[in-house]
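S.K.: I have a structure here, written as structure tokens, and I will follow up with some questions on it.
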Amino acid sequence: MRWRKLTPSLTTPCRIPPTECDNVAITDPSFTLLDVWGQPYRLSMDTDGDGKVSDPEHPGMWLAHPVIVWSAGDDGNPATWADNIKSW
Ligand SMILES: [Ca+2]
């Protein structure tokens, strides 16, 4: 899957199911991948080349991944991690 950095200001969501988004080259800045609950996926990318991203679940910690993706889960709240779906 190819990803384009999404910003919070881009609020026009893509309403196609995630399974139909496989291998989509995202070039439209209004395109947002949605989870099964209709909320946008969250994405963090290594931008300084050290192969790490900050851990959104544990502030101040780092994850040894160039890219992580997560969903706010069933409750739609990204701060409640028990139901969040994450790539790491
Ligand atoms: Ca949650």
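The values are calculated or read from the model by the stated rules, or taken from the named source; none is laboratory data. The shown structure was predicted, so the numbers you read here are calculated from the model rather than taken from an experiment. Because the Cβ atoms are built from the backbone with ideal geometry, glycine has one as well, and the counts that use them run over all protein chains shown.
S.K.: Scan the range 19-33 and give yes if some residue there is part of a loop (DSSP other than H, G, I, E, B), on the phi > 0 side of the Ramachandran plot and at pLDDT 90 or above, otherwise no. Don't jump to the end; show me each part of the working.
M.R.: Residues of the range 19-33 that are part of a loop (DSSP other than H, G, I, E, B), as a first pass: 22-33.
Now drop any that are not on the phi > 0 side of the Ramachandran plot, which leaves 23.
Next cut, at pLDDT 90 or above only: none.
The answer is no; no qualifying residue exists.
S.K.: Does any residue of the range 67-77 turn out to be in contact with an Asp or Glu (Cβ under 7 Å, 6 or more places away or on another chain), at positive phi and in a loop (DSSP other than H, G, I, E, B)?
M.R.: yes
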